[in-house]
1. Taking amide H positions as placed in the peptide plane 1.01 Å from N, state which residues far from D263 in sequence (5 or more) or on other chains have amide H under 5 Å from it.
2. Apply the Karplus parameterisation 6.51 cos²θ - 1.76 cosθ + 1.60, with θ equal to phi minus 60°, to every residue of region 61-75 and state each ³J(HN,Hα) to the nearest whole Hz, in sequence, with x for glycine and proline.
3. List, in order, the whole-Hz ³J(HN,Hα) value for each residue of region 222-237 obtained from phi through the Karplus relation with A = 6.51, B = -1.76, C = 1.60 and θ = phi - 60°; use x for Gly and Pro.
4. With a 1.4 Å probe and all protein chains kept in place, how much accessible area does I203 have, in Å² rounded to the nearest 10?
5. How would region 208-264 be classified by its alpha-carbon gyration tensor: rounded, prolate or oblate, with rounded meaning a/c under 1.5 and the a/b versus b/c comparison settling the rest?
6. I26 to Y63: extension gain in nm, 0.36 nm per residue of separation minus the Cα-Cα distance?
7. List the residues whose amide H sits under 5 Å from the amide H of A143, counting only those 5 or more places along or on another chain, with H placed 1.01 Å from N in the peptide plane.
8. Please state the shape class of region 158-250: rounded when a/c is under 1.5, otherwise prolate if a/b exceeds b/c and oblate if not, all from the C-alpha gyration tensor.
Amino acid sequence: MVRKLSYKIVTLIFLVCFFATNLFAIPAFTENIVSSLADGVWGVHVADVDGDGDLDIIRASLYDDTVAWYENTGNGYTGHVITTSANGAIAVYAEDIDSDGDMDILSANYYEAKIAWYENNGSESFTVHTISTSMSYAYDVYAADVDLDGDMDVIGAAYTGDKVSWFVNDGSPGGADWTAYSIGTPNGPISLVTADFDYDGDIDVLCAGYLADKIKLYTNDGTPDAGWSATNIATNVDAPSDIFVVDLDFDGYLDVVAAIEKDDETNWYDTAAIPEFSNILMPIVSVLVIIGLNYRRRH
């Protein structure tokens, strides 16, 4: 009886390991070229631009001043030009800026210090509107409801202007003044991410300061027009060039992943260092072995 049970336990452990190994195997990737016609593609974003339920691709190309989107047809992509007059288009983002139910496009235009948005008329015909022309070497752009008034505001980074600003959407963005407020003045801001880092219900802003050698978190206390609190996530990192926010260790807290150009590093910053198993197979196997040993002791 004991021998049969031991055989069953070993078999069960083998099956768990086999299926878990295949479940967590590294996937294979196949390259699919969407377009090779742009000159100096610098920024990309993904959104359902045409509202048909699948994801399209938007890109900004620095050297041909173009913002374009690629329609997902289900079996390929069809290119559509939004503008060829975005002088130094370097970053793009998609959001419903005018709250009319369709997806609009934002761009940061490096050479003309401009943040712009492109109004979608519902049929993917776009009209350009200027948000700001005072963002010296505009480098990144984001959209979020910063002031919690129900519409989407815009956040921009000015690389040589050494500033991160948010622009207020007053509810009529096509004719809005887009009043600007300072979030922070890092040296050489190059990458932005918005999220509610402190879980207080409003939007905070994370910034990579390329020339400052810092990654900074700007916390919104609920009165974003009255100032933001700055916290260093990382200092003395040589030229942080890109950042991403995700709960990497599944502990319920947002972590930061960063590319550090001149240190040749990819780093992640844990907001709550909670010990955990690094391999899911170990707790599974341990539980099975304990169950088997307890069964043997009882029998």
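The values are calculated or read from the model by the stated rules, or taken from the named source; none is laboratory data. As the structure is a computational prediction, the values presented were derived from the model and not from experiment. Reconstructed Cβ throughout: ideal geometry from the backbone, glycine too, with neighbour counts over all protein chains shown. These area figures cover heavy atoms from the full protein model, side chains too; ligands, DNA and RNA do not enter into them. Shrake-Rupley method; radii C 1.70, N 1.55, O 1.52, S 1.80 Å.
1. D238
2. After applying 6.51 cos²θ - 1.76 cosθ + 1.60, I find 10, 5, 8, 10, 6, 10, 10, 9, 10, 10, 6, 7, 8, x, 9 Hz.
3. x, 10, x, 7, 10, x, 10, 8, 9, 10, 7, 7, 8, 10, 6, 9
4. Roll a 1.4 Å probe over it and I203 shows about 40 Å².
5. Working: a/c = 2.87, a/b = 1.24, b/c = 2.30.
In terms of gyration-tensor shape, oblate.
6. On the way: separation 37, 0.36 × 37 = 13.32 nm, distance 3.61 nm.
Full extension from I26 to Y63 adds 9.7 nm.
7. For A143, whose amide H was placed from the backbone, the distant partners under 5 Å are I155.
8. Values: a/c = 1.98, a/b = 1.34, b/c = 1.48.
Cα axes put region 158-250 in the oblate bin.
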